[in-house]
1. Go through the residues of the range 528-537 one by one and say whether even a single one is within 30 Å of LEU317 (Cβ to Cβ) and either open to solvent by less than 60 Å² (accessible area, probe 1.4 Å) or modelled with pLDDT of 95 or more (or both).
2. Within the group GLY289, GLY316, GLY265, which residue is touching a residue at least 12 places away in the same chain (Cβ under 8 Å), at positive phi and not charged (D, E, K, R)?
3. Would you call ASP156 in a helix (DSSP H, G or I), open to solvent by 20 Å² or more (accessible area, probe 1.4 Å), under 30 Å from GLU464 (Cα atoms) and without any contact (Cβ under 8 Å) to a residue 12 or more places away in the chain?
4. Taking only pairs six or more apart or across chains, which ones have beta-carbon atoms under 8 Å, a first residue in the range 88-100 that is loosely packed, with under 13 Cβ neighbours inside 10 Å, and a second residue that is of a type outside the set (Ser, Thr, Tyr) and not in a loop (DSSP other than H, G, I, E, B)?
5. Looking only at the range 123-153, which residues are closer than 15 Å to PHE198 by Cα and not in a helix (DSSP H, G or I)?
6. Of the numbered conditions (1) at negative phi; (2) assigned to a loop (DSSP other than H, G, I, E, B), ASN352 fails exactly one; give the number of that condition.
7. Please work out if VAL366 is open to solvent by less than 20 Å² (accessible area, probe 1.4 Å), within 30 Å of ARG333 (Cβ to Cβ) and not in a loop (DSSP other than H, G, I, E, B).
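The values are calculated or read from the model by the stated rules, or taken from the named source; none is laboratory data. Remember, predicted model here, so these are calculated numbers, not experimental data. Reconstructed Cβ throughout: ideal geometry from the backbone, glycine too, with neighbour counts over all protein chains shown. Areas reflect the complete protein model, heavy atoms only, side chains present, ligands, DNA and RNA absent. Shrake-Rupley method; radii C 1.70, N 1.55, O 1.52, S 1.80 Å.
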Amino acid sequence: MDASEQLAARKVRFVDVLRALPKLAPDGLRMARGAVGLVTLKPTTKDSIGHIFQRAAAEHPERPFLRFENTEITYDQANLLVNQYASVYAAHGVGPGKTVAVMAGNRPETLLAALAGVKLGAAVGMINTNQRGDVLDHSVRLLGATVLVAGREYRDALDEVTTPTVLDLETLATGATSTFNPAVCATLTASTTAFYIFTSGTTGMPKASSMSHFRWLKSMAGIGGLGVRLRADDTLYCCLPLYHNNALTVSLSSVLSAGATLALGRSFSASRFWDDVVRTRSTAFCYIGELCRYLLNQPPRAIEREHQVRVVVGNGLRPEIWHEFTERFGIKRVAEFYGASECNLAFINALNIDRTAGTCPLPFAVVEYDPDTGKPKRVGDRLRKVKSGEVGLLLTKVTSRAPFDGYTDAEASERKLVRAAFKKDDCWFDTGDLVRMQGFKHVAFVDRLGDTFRWKGENVATTEVEGAIGERPDVEQAVVYGVAVPGTDGKAGMAAVKLRDGARFDGQVLGKHLAERLPTYAIPLFVRVINEVEQTSTFKSRKVDLRDEGYAKSVTDPLFVYTGEQYVPWYPSYPDEVAAGRIRV
C-alpha cells in the first residue's frame, strides 16, 4: 500500500472523536438548533425555502444578503426584488404545481429568480448552462415549464430548441409593482418540490432529480446548522454554478440558517480566487475537490494567507492533498460532506476530523458489490455489509424521515431503488458510489460506479458521449469510461473506438465534432483505436478491463489525446500537462 492509499484508508478512532468534542463548545447552541431541526422536521411541516428567506428579511432587513462584484444587496432589497419577480411569474400563470426553468449564469438575478419561483410554490428547474443542441432540447422538454428565465448570453443556444415563454432577467421586474410577499408562500408544506437539478444518468440524456423543500430544509439543519455553523456576521463565498446543489442548496441553506451573507462569484478562477475571497470579506467558502487541486497548482502568493476564512464546506477534497491544502492556506476547519443531487441522505464532517466525509444519523449501509455490473451483490436473497476499513457500495435507507424524491421519470426513479436488501419490506437508495467504512459511522468517498463518471465537477454520462462519437460516419462503435489522471480529481473521459473498415482516424475532425456536440467537460481526453468491441454477455466485464488498462504503457493500440481543439498522437508528458492545467480541457 503506497502513501496515498494509506492516507485514504484512515480509520476514525475514539480518540479522534474525543479530541474534537471540546472544540465544539462555542458552537453548541447552533448545533443544538440544527439537531432539533433534523429531528422535528417532517414532510408535512408547513415551511419552505421562500418562507425562511422572507422571515430573515423581516428580522434583519438591513443586513447584507448578497455581494456580487461591486454590488451589495440587503435582505430587504432582495426580498422586494424576489416579490417583483414573483408577480411577473404569476401574471404568466406560474403557481403551485407549475415549473419555472432557469438558464442563466451566476449573478444576483439568477438566484432571486429561483427564490421567486419557490415562493409561489412552483418547482424551479436549474438548467446546466453548458448544455446545447439535443441535450438542451431534452432538458427543456423534460421540465415542461410554464416559463423559462434566460440570460441573454444563452439566447442563441435556446434558439435551437423549442421553449416555453422566455423571460429576460434584465427586464423581469419592468412594470411589476407588487412588492408584497405572495400569500401562498406561508401555506406551502415541506413536501412541495422546490428544485429540479439535472444529473447525468445511464440513459444517455440528463435526468432531472427532484429536490423538495423538505430535503433542502434538512440540508439547512444538518449541513448548515451542524456542520458549517455560520454566524450572522459571516460571509460565505461561492463561485460554483447556481445549477449545482453545492451552490443552490449547500451554500444558500448554510447562509440562511444563520442570516449570514452570500458572496456570489461569477465563475471560478484559480488566479483570482483569493483576491475575490479577500475583497468580499468572506469568512467561509464552498468548494469541490477540483477547486482545491487547482488552487494548490497556483504559484504561492501573499494574498492567499491574508483572508479571514475559518471554515470551508464542500465535497471531494482528496485525502492525499487534505493537509497540504489546509496548511498552505491556513484553513482551520473543513466541513467535508457527502451527498448527491438525488440522494435522500447527506454525511457531514461536523467534528473536523481530517480525511473523512463525516457521519449521518439516519440509516445507511455499505455493502459488497459486483464490479462488473456495479450492482449490490446478494448472498442468497440478502445483501452483505462490508467491515470497518473496507470499501463497498453506499446504500441509504428510504423512510418517511428520509424519502427519495426521485426524478421526473418514474422508471428511472425505480431503477435507483434496492428492495428487500436486508428485510422483506425494506427499501434503499443505490447511490452508485463506493465509500470506505472508517468507524464510528464515518465514511470516506472512494469512487463512482456505473455508466457515469465525474470530471471538472460534472457528472458525465458515458452513453451520451458514446452517442456523440457514434454519429461520425467513420466510427462503427465506441465505448466510453472514466480513467484517473494523477494530480487531478474525478475521472477523465476515455473512449475505445472501433473504426469502420477502411476508415482512418482523423483527430482534427473528431475533435471539432465533439466540441460542437458535447460540453467541454464531457469530451474524452483519450481515444484508443481498437480492432473489436466485444458484444457478448461478457461485454460489461470487457469494459471494466478497458477502464482498468486506461492509457498504460502496456496498451499497444493507437492512442490519441485531446489538446482542446483536436486529437493528436499520445505523448508521455500529456497527463502532467492536464494536471498542471496547461491543457485547457
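1. Step one: filter the range 528-537 for residues within 30 Å of LEU317 (Cβ to Cβ), giving none.
No, the conditions are met nowhere in the range 528-537.
2. Working: GLY289 fails: at positive phi; GLY265 fails: at positive phi.
Of GLY289, GLY316, GLY265, the one residue that is touching a residue at least 12 places away in the same chain (Cβ under 8 Å), at positive phi and not charged (D, E, K, R) is GLY316.
3. Values: in a helix (DSSP H, G or I): yes; open to solvent by 20 Å² or more (accessible area, probe 1.4 Å): yes; under 30 Å from GLU464 (Cα atoms): yes; without any contact (Cβ under 8 Å) to a residue 12 or more places away in the chain: yes.
Considered against the rule, which asks whether it is in a helix (DSSP H, G or I), open to solvent by 20 Å² or more (accessible area, probe 1.4 Å), under 30 Å from GLU464 (Cα atoms) and without any contact (Cβ under 8 Å) to a residue 12 or more places away in the chain, ASP156 comes out as yes.
4. GLY93/VAL147
5. Result: ALA123, VAL124, GLY125, MET126, ILE127, ASN128, THR129, ASN130, GLN131, ARG132, GLY144, ALA145.
6. (1)
7. On the way: open to solvent by less than 20 Å² (accessible area, probe 1.4 Å): yes; within 30 Å of ARG333 (Cβ to Cβ): yes; not in a loop (DSSP other than H, G, I, E, B): yes.
When the stated conditions are applied, VAL366 passes them.
Here is a yes/no grid of residues against (1) open to solvent by 10 Å² or more (accessible area, probe 1.4 Å); (2) hydrophobic (A, V, I, L, M, F, W, C); (3) out of contact with any Ser or Thr (no Cβ under 7 Å at 6 or more places or on another chain):
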{"residue": "GLU458", "(1), (2), (3)": "yes, no, yes"}
{"residue": "THR463", "(1), (2), (3)": "yes, no, no"}
{"residue": "GLY470", "(1), (2), (3)": "yes, no, yes"}
{"residue": "ASP474", "(1), (2), (3)": "yes, no, yes"}
{"residue": "VAL483", "(1), (2), (3)": "no, yes, yes"}
{"residue": "ALA496", "(1), (2), (3)": "no, yes, yes"}
{"residue": "ARG504", "(1), (2), (3)": "yes, no, yes"}
{"residue": "VAL509", "(1), (2), (3)": "yes, yes, yes"}
{"residue": "HIS513", "(1), (2), (3)": "yes, no, yes"}
